[in-house]
Amino acid sequence: MTAPAMSEDDLLVAVLDLAKTLGVRSAHFRPAQTQTGRWVTAVQGDGKGFPDLVLVASGGVLFRELKSAKGSLSAEQRAWLDALAGAGADAAVWRPADLRSGRVLAELRAAQRRSVRCSS
């Protein structure tokens, strides 16, 4: 029997739990439903499409957009990931397969390792 597909919400819960277990700080900004039934996330500026998660550890910061196995990026999400990566940030997409393969754990652990930098 095949396991049911993991939703984006299930992936979010799993990643947040893993981050907490590892001592990696996390931030996720949830949308809220308005009285008219619209779902919105309170942001200003160019916030639309900002990655689902910001994960911070002693060795780095990860910006991650979470998607189900078949989910696709919006134009705004792609623009944010491209802008962050272009500025040198670690920005990427995680899917359920990344959790199962160990990629999520490996990247969280890598973010825990303190990078040594020379100052001039």
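The values are calculated or read from the model by the stated rules, or taken from the named source; none is laboratory data. On a predicted model such as this, the values are computed, not experimentally measured, just so you know. Methodologically, a virtual Cβ is constructed for each residue, glycine included, from the backbone with ideal geometry; neighbour enumeration extends over all protein chains shown.
Observations, loosely collected:
- Any hit, region 33-43, residues being of a type outside the set (G, A, S), in a helix (DSSP H, G or I), out of contact with any strand residue (DSSP E or B) (no Cβ under 6 Å at 6 or more places or on another chain) and loosely packed, with under 12 Cβ neighbours inside 10 Å: no
- When the criteria are applied in full, L16 meets the requirement of being without any contact (Cβ under 8 Å) to a residue 40 or more places away in the chain and either under 10 Å from the mean Cα position of the chain (by Cα) or not in a loop (DSSP other than H, G, I, E, B) (or both).
- Flag if L12 is touching a Phe, Trp or Tyr at 6+ places or on another chain (Cβ under 8 Å) and not acidic (D, E): no
- Filter result for S26 (under 23 Å from A111 (Cα atoms) and surrounded by 13 or more Cβ atoms within 10 Å (Cβ to Cβ)): yes
- As for region 51-61, it holds no residue that is touching a Pro at 6+ places or on another chain (Cβ under 7 Å) and either over 16 Å from S26 (Cβ atoms) or in a strand (DSSP E or B) (or both).
- Complete set of residues in region 74-97 that are buried (at least 17 other Cβ atoms within 10 Å of the Cβ) and closer than 15 Å to E8 by Cβ: Q77, V93, W94, R95, P96
- Qualifying residue in region 78-98 (condition: touching a Gly at 6+ places or on another chain (Cβ under 8 Å) and hydrophobic (A, V, I, L, M, F, W, C)): yes
- Restricting attention to region 55-73 and to residues that are at pLDDT 95 or above and polar (S, T, N, Q), the residue that is surrounded by the most Cβ atoms within 10 Å (Cβ to Cβ) turns out to be S68.
- Near pairs, Cβ below 8 angstrom, 6+ apart or cross-chain, from region 100-120 (farther than 15 Å from A14 by Cβ) to any residue that is at pLDDT 55 or above and part of a helix (DSSP H, G or I): R109/L22; Q112/L22
- When R78 is tested against (1) at pLDDT 95 or above; (2) assigned to a loop (DSSP other than H, G, I, E, B), exactly one condition is not met: (2).
- Filter result for the condition that a residue is under 26 Å from R113 (Cβ atoms) and either in contact (Cβ under 8 Å) with a residue 12 or more places away in the chain or acidic (D, E) (or both), over D52, D46, D10: D52
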